[in-house]
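The values are calculated or read from the model by the stated rules, or taken from the named source; none is laboratory data. Here the structure is a predicted model, which is why all the values come from computation and not from measurement. For neighbour counting, all protein chains shown are included, and Cβ atoms are generated from backbone atoms with ideal geometry for every residue, glycine included.
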Amino acid sequence: MTDVLPGSDKAASNPAGNAAEDAVANPAESAVDRDAVERERAKLREFVAGLSGDDIKSGGWFTKLCAQALRSYAGKADWEYFQEKYQGVPADGIVGQQIALAAKYAMLEGGISAGAYAATIAATVGSLGGASPLTVPAGVATFMVDLTFITQLQLRLAHDIAVIYRIPLDVDDPEDMMKLVRVAFGIKAGEVARGSLKFVPGLVRQVLKKYYSGSVLAAAKSLPLVGKHLLQRNIIKFAIPGVGIPVTVLLNRYTTIAAGRYAKSVFREEAEVVELAETLVRRTGHLRLVLWVAWLVINADGEIGDAERLLFQRLTRLARERHQVDDEELAAVVDLDPDEVWRRVDAEPGDLSDVVHAAERVAAVDGDLNAREEAVIAELRDRCGRR
């Protein structure tokens, strides 16, 4: 996350603690980090100054921020950058450091922002209107700096984690961009917003629930799902009298760590699938047949999961790029006939243990084998064992 906040090249020194403890443990580093946070906030104040009330209410701010936050950043924060910075550290270790560093910055920013708020500031979001930036009150602009800071931080964190696990993402590709957004602010992030209530004292929690269901959030109903979630989460942080800086800092840290861990779980799982594809292609002497058998196994239960889809896409890509195997017959198949696959298996001479092994690994990529997958594997073993 260094490029998010240029000025600190060190991972969080106390990721399990809080900003105050970090300052005591290393005042010089804490001062550098705070300065980096302040500089990034200054950049985002310029961004927010160009937003209108309609941008905020409609969710247009999020679209604009995505373009600004990723295009130049993605070109610098590539896999080679992280390999050079963390030489010899495995991917899981680098990801852990990135999450801790992002959480540290989120805590620092939360402390800075919370001091500028009164309970009435968030309520003015509901009365925003107009296409001119002049219609955005100063208090709401401050609110939006915090919102855009945390949004950008978590979006870039998810990007970094994908890069570290060598999952290719093209931020100019709408499909890849939506995938990144879903991971950074998806269902798990929504669960974080609901789960964050457990960190608030009981009395305040009752006030929060009442406030959360009130008219303050009426404007959020018109926002897209992502924008609505992010706006609501930010309003919760600052709209409740008596909550103040400690809970704001805690929520920033918690949501950032949760977002990072979810991104890790998604992209690490994808990395495992990509690694499996590499292994299967490298170890088989019957690549074309493996593709047919893999597609039969994947279609055995009539459903194709995300992991299965990614695995087969990667298999066909590696077959094409590394071995010039581009099976047009398979690509043209709409309804796969198992007999066609068995004909190809029976016609192949020699030891086919590598094909059986590949089929077993493909069947297990999305979890335990079901009855239909087991039946296909049993048939394959039987046919290959007759030689």
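What to note about this one:
- Close pairs from region 371-387: first within 11 Å of Val345 (Cβ to Cβ) and of a type in the set (Asp, Glu), partner surrounded by fewer than 13 Cβ atoms within 10 Å (Cβ to Cβ) and at pLDDT below 95, Cβ under 9 Å, at least 6 apart: Glu379/Pro338
- Residues of region 250-269 that turn out to be crowded, with 22+ Cβ neighbours inside 10 Å, charged (D, E, K, R) and more than 12 Å from Ala102 (Cα to Cα), as a count: 1
Residue-wise test of (1) surrounded by fewer than 17 Cβ atoms within 10 Å (Cβ to Cβ); (2) among the polar types (S, T, N, Q).
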| residue | (1), (2) |
| --- | --- |
| Gly285 | yes, no |
| Leu291 | no, no |
| Glu303 | yes, no |
| Ala331 | yes, no |
| Pro338 | yes, no |
| Asp346 | yes, no |
| Ser353 | yes, yes |
| Ile377 | no, no |
| Leu380 | no, no |
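- Filter pass, Ala347 being at pLDDT below 95, within 36 Å of the chain's Cα centre (by Cα) and more than 27 Å from Ala271 (Cβ to Cβ): no
- Scope region 305-320; condition more than 28 Å from the chain's Cα centre (by Cα) and surrounded by fewer than 17 Cβ atoms within 10 Å (Cβ to Cβ); matching residues: Arg320
- Total residues in region 287-326, condition in contact with a Leu (Cβ under 7 Å, 6 or more places away or on another chain) and within 23 Å of Asp366 (Cβ to Cβ): 12
- Which listed residue, of Asp172, Asp160, is in a loop (DSSP other than H, G, I, E, B) and among the charged types (D, E, K, R): Asp172
- Filter result for Tyr105 (under 20 Å from Leu250 (Cβ atoms) and at pLDDT 85 or above): yes
- Checking each residue in region 160-188 for being under 16 Å from Ser265 (Cβ atoms), touching a helix residue (DSSP H, G or I) at 6+ places or on another chain (Cβ under 6 Å) and at pLDDT below 80 picks out Phe185, Lys188.
- Val365 being touching a residue at least 40 places away in the same chain (Cβ under 8 Å) and part of a helix (DSSP H, G or I): no
- Filter result for Asp346 (part of a loop (DSSP other than H, G, I, E, B) and acidic (Asp, Glu)): no
- Listed by first and then second residue, the pairs with beta-carbon distance under 7 Å, at least 6 apart or on different chains, first residue in region 45-65 and in contact (Cβ under 8 Å) with a residue 40 or more places away in the chain, second of a type in the set (D, E, K, R) and part of a helix (DSSP H, G or I), are Trp61/Asp55.
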